[in-house]
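K.L.:
First, the structure itself, so that you have it in front of you.
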Amino acid sequence: MEKLTITSTFNVYQSADELPEDVKDLMQQAVEVRKTSYAPYSHFHVGAAALLDNGRVVLGSNQENAAYPSGLCAERVAVFQAGAVYPDAKIIKIAISAAAEDKVVDSPIPPCGSCRQAIAEYESKQETPVEIYFMGETGKVYHSPSLQNLLPLVFESKYL
Ligand code: THU
């Protein structure tokens, strides 16, 4: 028996003000689109902004449904839209912001497991990393240099 150790390293910004200018702008777009979230059940609002290599920014917000599992997270709304509208473009980076109605979310909110798996598919398809920046409503911003860094031992098409 041997051990396999996998390490993930994140860059931590103390606030969105510290972000590089282009990322600050992308995060601002995530904050804006968060306001379009349809979350009457969880009251938890998420916005995602994906920058593509053609210069376009594709936005998404979480869309809930009375049949709960039929809803979709902000990140997947954004990356599926990117795949549908710009199928040949690569996703360079995604900014994510989350806010609740009854409290201030001040810790970085990472993408859920299903969204990680969905973004991993594009990372694998385009063969370049997708950077992920995520935050709450305020406070620190975590930066993952790739999706793989957030989802070690990812299941991908090469196993099929
Ligand atoms: N949500 C997202 O939009 N992204 C995530 O990565 C985590 C969760 C949404 C789904 C649901 O509408 C609400 O947040 C509460 O789970």
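K.L.:
Counting only residues 5 or more places away or on other chains, whose amide H sits under 5 Å from the amide H of residue 131 once H atoms are built in the peptide plane?
P.N.:
Result for residue 131 returns 93, 94.
K.L.:
Take every Cα-Cα distance within the chain, group them into 10 Å bins from 0 onward, and report for each bin the whole-number percent of pairs it holds.
P.N.:
In whole percents, the pair-distance histogram is 11, 41, 35, 11, 2, 0.
K.L.:
Mind checking which lysines have their Cα closer than 17 Å to the Cα of residue 140? Skip sequence neighbours fewer than 8 apart in that chain.
P.N.:
24, 103
K.L.:
Using only protein heavy atoms and a 1.4 Å probe, report how much of residue 70 is accessible, in Å² to the nearest 10.
P.N.:
Looks like 80 Å² after rounding.
K.L.:
Additional query: Using the basic label-point model (7 angstrom from Cα toward the beta carbon), what is the residue 15 to residue 159 distance in nanometres?
P.N.:
About 4.2 nm separates the two model spin labels.
K.L.:
Rolling a 1.4 angstrom probe over the protein heavy atoms, how many square angstrom per residue are accessible across the chain?
P.N.:
Details: 8780 Å² over 160 residues.
That works out to 55 Å² for each residue.
K.L.:
Excluding ligands and nucleic acids, what accessible area in Å² is computed for residue 19 using a 1.4 Å probe, to the nearest 10?
P.N.:
We get 10 Å² for residue 19.
K.L.:
Hey, another quick one. Which of the trypsin sites (Lys or Arg not before Pro) across the range 16-55 are loop residues per DSSP, with 16 or fewer other Cβ within 10 Å? If you can, show how the numbers build up before the last one.
P.N.:
Values: sites: 24, 34, 35; in loops: 35.
Those that pass, being in a loop and sparsely packed, are 35.
K.L.:
With a 1.4 Å probe and all protein chains in place, put 9, 128 in order of accessible area, largest first. Let's see the in-between values first.
P.N.:
Working: 9 90, 128 45 Å².
Reading off the accessible areas and sorting them downward yields 9, 128.
K.L.:
Treating only the Cβ of Lys, Arg, Asp and Glu as charged (+1, +1, -1, -1), what charge dipole size does the chain show about its Cα centre? Round to the nearest 20 debye.
P.N.:
With Lys and Arg at +1 and Asp and Glu at -1, about 300 debye.
K.L.:
Residue 105: net charge of surrounding residues, Cβ under 12 Å, Lys/Arg +1, Asp/Glu -1, itself excluded?
P.N.:
With Lys, Arg at +1 and Asp, Glu at -1, the neighbours total -1.
K.L.:
How much mean residue ellipticity at 222 nm does the chain get from its helices, if each DSSP H run of length 4 or more adds -39500 (n - 2.57) and you divide by all residues, to the nearest 500 deg cm²/dmol?
P.N.:
Numbers: 3 runs with 40 residues, N = 160.
Here the helix-only value at 222 nm equals -8000 deg cm²/dmol.
K.L.:
Most fluctuating residue of 136, 55, 83 in a GNM of the chain with Cα springs under 10 Å: which is it?
P.N.:
Fluctuation is largest for 55.
K.L.:
What length, rounded to one decimal in nm, is gained on full extension from residue 101 through to residue 127, with 0.36 nm per residue of separation minus their alpha-carbon distance?
P.N.:
Working: separation 26, 0.36 × 26 = 9.36 nm, distance 3.82 nm.
Computed gain between residue 101 and residue 127 is 5.5 nm.
K.L.:
With all protein chains present, how much of the accessible area of the chain (probe radius 1.4 Å) comes from carbon and sulfur, to the nearest whole percent? All intermediate terms of the calculation are to be shown ahead of the outcome.
P.N.:
Details: 4660 of 8780 Å².
About 53 percent, which is the carbon plus sulfur part of the accessible surface.
K.L.:
Now a separate question. What ranking of 80, 44 comes out by heavy-atom accessible area, probe 1.4 Å, highest first? Each step should come with its number before you reach the end.
P.N.:
Values: 80 95, 44 70 Å².
Descending accessible area places them as 80, 44.
K.L.:
Rank 89, 99, 67 by mean-square fluctuation in a GNM of the chain with C-alpha springs under 10 angstrom and give only the top-ranked residue.
P.N.:
Between 89, 99, 67, it is 67 that shows the largest mean-square fluctuation.
K.L.:
To the nearest 10 square angstrom, what accessible area does residue 121 show with a 1.4 Å probe?
P.N.:
100
K.L.:
Which residue, 160, 72, 145, has the largest displacement toward the positive end of the dipole of the chain when charges sit on each Cβ (Lys, Arg +1; Asp, Glu -1)?
P.N.:
The residue sitting most towards the positive pole is 160.
The values are calculated or read from the model by the stated rules, or taken from the named source; none is laboratory data. What you are looking at is a predicted structure, and each value in this text was computed from that prediction instead of being measured. For neighbour counting, all protein chains shown are included, and Cβ atoms are generated from backbone atoms with ideal geometry for every residue, glycine included. Accessible surface is based on the protein model in full, side chains and every heavy atom, while ligands, DNA and RNA are left aside. Shrake-Rupley method; radii C 1.70, N 1.55, O 1.52, S 1.80 Å.
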